[in-house]
Amino acid sequence: MTMREHEKLNYVEYAAFDLTQTKRFFTQVFNWQFTDYGPDYCDFTEQGIDGGFYRADKKSVQAQGGALLVFYSNDLVQTRNKIVKAGGEVTQDIFDFPGGQRFHFTEPSGNEFAVWSDNKVDN
């Protein structure tokens, strides 16, 4: 059960032109569970922040002003490989930044996310 805190971020929504593929991707890579609310909306819970996907032809990309949600991983290479295997596309491979390393990817509907770790790897 997600705790609701006064004036804290609680929910995020993303457009997805292919809800079926987007749900399959997040289930396969991150073990998310979804609840469908009709054919055009689904939500997820207990993932650090709750949220949902709604059917639309738009996508969120950082370079176009979209927010970048960032996952944490103990093993960047393993997570990157799972993302690629599930049909995601790595758009910026592992790079150093202050505090660790990260990479960016898009899921099947084109939304951009990132994964970071403080465990340094040779890529």
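Quick notes on this one:
- Counting only alpha carbon atoms, the long axis of helix 76-85 and the longest principal axis of the chain meet at about 50°.
- Applying 0.36 nm per residue to the separation of ASP75 and TYR11 and subtracting their alpha-carbon distance, the gain on full extension is 20.4 nm.
- Greater than 25 Å apart at Cα, pairs in LYS59/LYS85; LYS23/LYS120; LYS23/LYS58; LYS23/LYS82: LYS23/LYS120
- Ranked by the mean number of other Cβ atoms within 10 Å of their residues, highest first, the peptides 93-106, 12-25 come out as 12-25, 93-106.
- For a label point 7 Å along the Cα-to-beta-carbon line of LYS120, residues of the range 79-97 with backbone N under 17 Å: 94-97
- Compactness of the chain, expressed as Rg and Dmax over alpha-carbon positions, Å: 14.6, 44
- DSSP-defined antiparallel bridges as percent of all bridges, the chain, nearest 5: 65 percent
- J(HN,Hα) series, the range 101-113, from Karplus relation 6.51 cos²θ - 1.76 cosθ + 1.60, nearest Hz, glycine and proline x: 9, 7, 9, 10, 8, 10, 8, x, 8, x, 6, 8, 9
- Computed over neighbours whose Cβ is under 13 Å from that of ASP96, the net charge equals -1, Lys and Arg +1, Asp and Glu -1.
Rule-based calculations on the coordinates, nothing more; no lab input. Values in this document were obtained by computation on a predicted structure and should not be read as measured data. Here the Cβ is made from the backbone with ideal geometry for all residues, glycine too, and neighbour counts use every protein chain on show.
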